[in-house]
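Sharing a structure here in C-alpha cells format.
Bear in mind these aren't lab numbers, they're just calculated from the coordinates by the rules spelled out. Computed from a predicted structure; not experimentally measured. Counting neighbours? That spans all protein chains shown, and the Cβs are built from the backbone with ideal geometry, glycine included.
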Amino acid sequence: MTERARWTGLVVFIVVCLGAGGLGAIATTPEIEGWYKTIEKPMWNPPDSVFGPVWTTLFLMMAIAAWMVWKPEGVKAARMPLTLFAGQLSLNVAWSWIFFGMHEPGWAFAEIVILWLAVTATTVTFFRYSSVAGWLMVPYLAWVSFASVLNFTIWRLNAG
C-alpha cells in the first residue's frame, strides 16, 4: 500500500465516522430544544453544550483507531475488527434515532446495551491489532457506559 493510499484511508475513516455522527445528529438536534427539553433528567445530566464537542472528539478518535487497524495490511487482513467497528457505528446511529427520533428511552436503553457490547468487542479486538488503536477506543467505551446509565435513568424518570 502506498503512503498516499494510507493517508487517503485516514480521510475516508474520518468522513465515515463524522458522517455517522451527522446521521445521528439529524434525529438529535431538533429534539434538544423540543422533546428532550420537556422530559425529566437527573441533576447530573451534562449541559447540552457538552455533547457535541465530546461526540466530535470521540468520532475522530474512533476514525483514527479504525485507520490504525486497517493501514498495516488493508481491509482483507482486518476484516473482522472492521466489521465489528462498522456494526457498532451503525448501532450508534440507530440509538440516536430510537432515543431522540422515536422518543423511546426504554427501547433506546435495550439498544445501547447491545451497542455497549459491540463497542467492548471492538475495543478488545482493536487491542489485538494495535494497542494505540485499542486505547483510542477506551474513552468512547467510557462515554457509552456513562450514556447507558444516563439513558436508563431518563427512562426510569419518565416511565408511565
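Counting only helical runs of four or more DSSP H residues, what would the 222 nm mean residue ellipticity of the chain come to if each run contributes -39,500 (n - 2.57) and the total is spread over all its residues?
My calculation for the chain gives -27500 deg cm²/dmol from helical runs alone.
I'd like to compare 86-95, 144-153, 34-43: which one has the highest average count of other Cβ atoms within 10 Å, and what's the full order after that?
Answer by packing, highest mean first, reads 86-95, 144-153, 34-43.
Something else about it: Would you mind checking the tilt of helix 79-96 against the longest principal axis of the Cα atoms of the chain, expressed as 0 to 90 degrees and rounded to 10?
Orientation of helix 79-96: about 20 degrees from the principal axis.
Students often forget the sequence filter, so: which aspartates and glutamates lie under 16 Å Cα-Cα from K41 once same-chain residues fewer than 8 apart are removed?
Leaving aside aspartates and glutamates fewer than 8 places away in the same chain, those within reach of K41 are E31, E33, E104.
With an 8 Å cut-off on Cα pairs and a minimum separation of 6 or more residues, tell me the relative contact order of the stretch 88-160 in percent.
Taking the mean separation of contacting Cα pairs over the length of the stretch 88-160, I get 32 percent.
Can I ask one more? Using 0.36 nm per residue of separation minus the Cα-Cα distance, give me the extension gain between I26 and V50 in nm, one decimal.
6.9 nm
Treat the count of other C-beta atoms within 10 Å as a stand-in for reagent exposure and order E3, E111, E33 from fewest to most.
Lowest count first: E3, E33, E111.
Which of the aspartates and glutamates could be linked to K71 by a straight reach, that is with a Cα gap under 18 Å, when you skip same-chain ones fewer than 8 residues away?
Cross-link targets: E3.
Calculate how steeply helix 131-157 sits against the longest principal axis of the alpha-carbon atoms of the chain, using the helix alpha-carbon long axis, and give the answer as 0 to 90 degrees to the nearest 10.
10 degrees
Return the ratio Rg/(2.2 N^0.38 Å) for the chain, where Rg is computed over Cα atoms only.
1.08
What whole-number distance in Å separates the alpha-carbon centres of the stretch 101-160 and the stretch 72-92?
Their Cα centres are 17 Å away from one another.
What is the sum of charges, Lys and Arg at +1 and Asp and Glu at -1, for the other residues whose Cβ falls under 14 Å from the Cβ of T153?
Every neighbour counted, the sum reads +1.
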